[in-house]
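A short reminder: the numbers here are calculations on the coordinates, not readings from a lab. Quick caveat, the model's predicted, so the values are computed rather than measured. Counting neighbours? That spans all protein chains shown, and the Cβs are built from the backbone with ideal geometry, glycine included.
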Amino acid sequence: MPIVRLCFKGKVLQEYALSIGQKLTIGRKADNDVVIDNLAVSGHHAEIESLSASFILTDKDSTNGTFVNEKIKTSHVLRHDDIITIGKHELLFDRSDLDKKGKKEQIDLQDDKTRQLDTSEYQQMLLQVLSQKNLIHTPIMRKVTVFNLLFEYFTIFKTSTNLLTQCGMDYFI
């Protein structure tokens, strides 16, 4: 189970255990899981959400940004020992539980074999992000959506045409 440590000037203020399926909200307002009382921190600054066994940090359109390992990020898949900086506070992401549990599993994955990606989960996540950012309503996404619809209609039309021809009803075409 990952642990997120809230630190200020090198001193650990609090620890938060994070389990799979859980979301951890970070911000200045009291309704967050991690409350950072600092004016440089937005009310709802960021969140850490689990996606399968991975944990993803997402900036919630904060004013001053969210940094991971001193680089500004809007979204980031967290790894062991990542340092998240929000305002003057740091959150240390600790995944040392993987070292204890899964050394054998990690070694098995360090071969040259290609793994199959379950794209349905990825597509679902991508659609969720696009809809949250209202990108599905941008001109480019509208063109992609229209293209997909036209392609589906063309496929249906082509299939219908082939069926009518096979039935000897090609005079309808």
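For the stretch 1-84, just say rounded, prolate or oblate: build the C-alpha gyration tensor, square-root its eigenvalues into a ≥ b ≥ c, call rounded for a/c under 1.5, and beyond that prolate if a/b exceeds b/c, oblate if not.
It is rounded, given that a/c, with a ≥ b ≥ c, falls under 1.5.
For an R0 of 30 angstrom, estimate the FRET efficiency from the Cβ-Cβ distance between ASN38 and LEU98 and round to the nearest 0.05.
Between ASN38 and LEU98 the formula returns 0.45.
Between the DSSP loop rule and a limit of at most 16 other Cβ atoms within 10 Å, which chymotrypsin sites (Phe, Trp or Tyr not before Pro) in the stretch 1-71 are left?
none
In the stretch 10-60, which GluC sites (Glu not before Pro) are in a loop and have at most 10 other Cβ atoms within 10 Å, using DSSP for the loop call?
In loop regions of the stretch 10-60 (DSSP not H, G, I, E or B), there are no sparsely surrounded GluC sites (Glu not before Pro).
Once R0 is set to 25 Å, what does the formula 1/(1 + (r/R0)^6) return for the Cβ-Cβ distance between LYS11 and ASP61, expressed as a FRET efficiency to the nearest 0.05?
0.30
Quick one: length gained pulling VAL77 to LYS29 fully straight, 0.36 nm per residue minus the C-alpha distance?
Once the chain is fully extended between VAL77 and LYS29, it gains 14.8 nm.
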